[in-house]
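What follows is a set of notes on a single structure, which appears directly below.
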Amino acid sequence: MIAVDIASDLDRVLHTEQQVLTRIAEVAAQIDADYEGREPLIVGVLNGAMMTVSDLTRAMTSHCEVDWMAVSSYGSGTRSSGVVRILKDLTTDISGRHVLIAEDIVDTGLTLSYLVKNLRNREPASLEVMTMFRKPDAMTCPVNLKYVGFDIPNEFVVGYGLDYSGRYRNLRDVATLAPHVYS
Ligand code: 5GP
């Protein structure tokens, strides 16, 4: 679906699908260049990063592998619970591998700093992070983000894999929700 299909649910569109795809192609080109001669293992963080990983890897022109982790940091609302749990672990042994975590969004940075610590203990050859969206004003846990798609305001957004109560992941654009959706 696109924003006009659910216009009454939305407040405003922050980035259209086309803007997201254009930016992801730039990030993919940078990753291709940086990883020349080293095949990265892209670790997608489910469920939010599903679109990011599929578009990023298809925009790359060099080989990569993909594996997935699922973590929970939020309940069904819009505030961080402060608790990170691994719901699904990797199937790949990452020791000695060049690992690139692909995130949908970094808000406080809590989820990511937990993930980085966890994966670093498994002794990868290198470990970097790509996120499609970052909220610079919300970050409380500093994490080194090598690749960032867009910086966005400190507001709750949906679309491009990001949900509210399970919905809106299939919205192609990235938007804020109208207040009546929360009530
Ligand atoms: P953090 O630990 O950085 O505060 O939050 C990271 C996770 O919270 C993201 O991977 C995502 O699942 C969720 N999250 C943070 N901000 C947003 C947002 O604006 N919209 C949605 N849908 N999820 C968010």
Can you tell me which residue is nearest to the ligand (Cβ to nearest atom) among those in the range 93-111 that are part of a loop (DSSP other than H, G, I, E, B) and buried (at least 19 other Cβ atoms within 10 Å of the Cβ)? Asp107
Suppose we filter Thr61, Thr52 for residues that are within 21 Å of Leu127 (Cα to Cα), modelled with pLDDT of 95 or more and surrounded by fewer than 18 Cβ atoms within 10 Å (Cβ to Cβ); which single one remains? Thr61
Filter result (outside any loop (DSSP other than H, G, I, E, B), exposed (fewer than 12 other Cβ atoms within 10 Å of the Cβ) and free of Cβ contacts under 8 Å to residues at least 60 places away in the same chain) within the range 162-183: His180
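Assigned to a helix (DSSP H, G or I), of a type outside the set (D, E, K, R) and farther than 20 Å from Ile152 by Cα, is that true of Ile24?
Values: assigned to a helix (DSSP H, G or I): yes; of a type outside the set (D, E, K, R): yes; farther than 20 Å from Ile152 by Cα: no.
Against the criterion (assigned to a helix (DSSP H, G or I), of a type outside the set (D, E, K, R) and farther than 20 Å from Ile152 by Cα), Ile24 does not qualify.
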Any chance you could count how many residues in the range 117-133 are out of contact with any His (no Cβ under 9 Å at 6 or more places or on another chain) and surrounded by fewer than 20 Cβ atoms within 10 Å (Cβ to Cβ)? 7
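The values are calculated or read from the model by the stated rules, or taken from the named source; none is laboratory data. Predicted, not measured: the structure shown is a model, and the values here were computed from it. Cβ atoms come from the backbone with ideal geometry, glycine included; neighbour counts cover every protein chain shown.
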